[in-house]
1. Does any residue of the stretch 222-233 turn out to be over 20 Å from residue 259 (Cα atoms) and away from the ligand (no atom under 16 Å from the Cβ)?
2. Cβ-Cβ distance below 6 Å, separation of 6 or more or different chains: which pairs start in the stretch 251-268 with a residue that is touching a residue at least 40 places away in the same chain (Cβ under 8 Å) and within 28 Å of residue 240 (Cβ to Cβ) and end on one that is acidic (Asp, Glu) and surrounded by 24 or more Cβ atoms within 10 Å (Cβ to Cβ)?
3. Residue 74 fails exactly one of the following numbered conditions: (1) under 17 Å from residue 163 (Cα atoms); (2) of a type outside the set (Asp, Glu); (3) open to solvent by 30 Å² or more (accessible area, probe 1.4 Å); (4) in contact with a Phe, Trp or Tyr (Cβ under 9 Å, 6 or more places away or on another chain). What is the number of that condition?
4. Search the stretch 154-182 for residues that are under 19 Å from residue 130 (Cα atoms) and pair each with any residue that is of a type in the set (Phe, Trp, Tyr) and open to solvent by 40 Å² or more (accessible area, probe 1.4 Å) when their beta-carbon atoms are under 8 Å apart and the residues are at least 6 apart or on different chains.
5. Which number in (1) of a type in the set (Asp, Glu); (2) open to solvent by 50 Å² or more (accessible area, probe 1.4 Å); (3) over 29 Å from residue 190 (Cα atoms) marks the one condition that residue 58 misses?
6. Within the stretch 49-64, does at least one residue satisfy the condition of being within 16 Å of the ligand (Cβ to nearest atom) and under 21 Å from residue 316 (Cα atoms)?
7. If you take the residues of the stretch 27-40 that are within 8 Å of the ligand (Cβ to nearest atom) and more than 17 Å from residue 90 (Cα to Cα), which of them is surrounded by the most Cβ atoms within 10 Å (Cβ to Cβ)?
8. Would a scan of the stretch 284-301 turn up a residue that is hydrophobic (A, V, I, L, M, F, W, C), within 18 Å of the chain's Cα centre (by Cα), over 14 Å from residue 125 (Cα atoms) and surrounded by fewer than 20 Cβ atoms within 10 Å (Cβ to Cβ)?
Amino acid sequence: MRKLIPTTALAAAALVGASLVAGGAAAQEKTFISIGTGGPTGVYFVVGNSVCRMVHKEAAEGRKKGRKHGIRCAAPSTGGSTYNIGQICAGELEFGVAQSDWQFHAVNGSSEKVTNCPGLRAVFSAHPEPFHLIAADGSGIESFTGAKGKRMNIGNPGSGQRGTTEVLMEGHGMSADDFAVATELTSSEQSQALCDGKIDAYGYTVGVPNSGVAVATDGCGAHIVNLNSDVEKKLVADNPYYAFATIPAGTYKTTAEDVTTFGVMATFVTHENVPEQVVYEVTRAVMENLDDFRSLHPAFANLDPAKMMMDGLSAPLHPGAEKYYKEKGLK
Ligand code: GLU
């Protein structure tokens, strides 16, 4: 069951139970929303918590101006993209951050790696997420197939990186059996495991820069591998949700040159059952505070409203988001 609980309704029920009738000022109706993010060291966690910060800022401003929305927001750490989509579809989360590839597959029912969710709706896209293959210093890994016979972290189930790593494995004709060990560590565990010598490489779809990646690159000399073979070229050519991406030279201590790889967009999604007014207010809070948003993480520096309402979105826009974009003449 969906967990949008107007507290006035609960309060009313309690009051009825106690045979009390409120005679004073009506309590302001509150709505609680939860945003699914990713690991605590990732960028999704910053997206979700930034959105909550803007929603609460608008609530405070609104109280001064008599424009109340009553939304209270939390953005817990989760397993990542495919977990978030599954929970949104089940009505357990109202919003979530998800990779554009998994948004596409969820709404089209085109992959077994994510819940088929025709009711999934787009709100906006955020930052680009290049797929990183991160290899330990001295591992000799210089290509995706170079990870054969090595200890590879393929990511926790529920993460977008797990699914995209599997897509790459399939593209290269590989399976988990091709690795000496395939671990399922979370994004917040993988860099330390690599620095501790427990794994040789990991795949991670994440915004740039990322403090979790820096633990491995700057902390113990791991390097990011170029992924631009015919397999990645075909993935980009065949699928609208992939594009080539560059991790610029100088991003980390070991990126002496630009790294070429492919990537997706981080997108912000919801469900058609979430009320229009709630999605409208969340969209409005984000778009009216974009300068704040851009300042909250370097990966958000280039956020552009015209692109945010279009790039990487394959699910239909939620009517609440569409209403805001139309009002602003963006659509
Ligand atoms: N793209 C990753 C995933 O879907 C999460 C990246 C992040 O936490 O910033 O699992």
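The values are calculated or read from the model by the stated rules, or taken from the named source; none is laboratory data. Here the structure is a predicted model, which is why all the values come from computation and not from measurement. Note that we place each Cβ from the backbone using ideal geometry, even for glycine, and neighbour counts take in every protein chain shown. Accessible surface is based on the protein model in full, side chains and every heavy atom, while ligands, DNA and RNA are left aside. Shrake-Rupley method; radii C 1.70, N 1.55, O 1.52, S 1.80 Å.
1. The initial filter retains those residues of the stretch 222-233 that are over 20 Å from residue 259 (Cα atoms), namely none.
So far as the stretch 222-233 goes, no, none of its residues is over 20 Å from residue 259 (Cα atoms) and away from the ligand (no atom under 16 Å from the Cβ).
2. 263/129; 264/101; 264/129; 266/129
3. The single condition residue 74 does not satisfy is (1).
4. Sorted first by the residue in the stretch 154-182, then by its partner, the pairs are 158/83; 159/83.
5. Among (1) of a type in the set (Asp, Glu); (2) open to solvent by 50 Å² or more (accessible area, probe 1.4 Å); (3) over 29 Å from residue 190 (Cα atoms), residue 58 violates only (2).
6. yes
7. Of all residues in the stretch 27-40, those within 8 Å of the ligand (Cβ to nearest atom) come to 37-39.
Filter once more, so that each one left must be more than 17 Å from residue 90 (Cα to Cα): 38-39.
On the way: 38: 34, 39: 25.
Among those residues, the one meeting the criterion is 38.
8. Within the stretch 284-301, the first condition is being hydrophobic (A, V, I, L, M, F, W, C), and the residues that meet it are 285-287, 290, 293, 296, 299-301.
Narrowing the set further to residues that are within 18 Å of the chain's Cα centre (by Cα) leaves 286-287, 290, 293, 296, 299-301.
Retained after the next criterion (residues that are over 14 Å from residue 125 (Cα atoms)): 296.
Going one step further and asking which of them are surrounded by fewer than 20 Cβ atoms within 10 Å (Cβ to Cβ), we end up with 296.
Yes: the stretch 284-301 contains one or more residues that are hydrophobic (A, V, I, L, M, F, W, C), within 18 Å of the chain's Cα centre (by Cα), over 14 Å from residue 125 (Cα atoms) and surrounded by fewer than 20 Cβ atoms within 10 Å (Cβ to Cβ).
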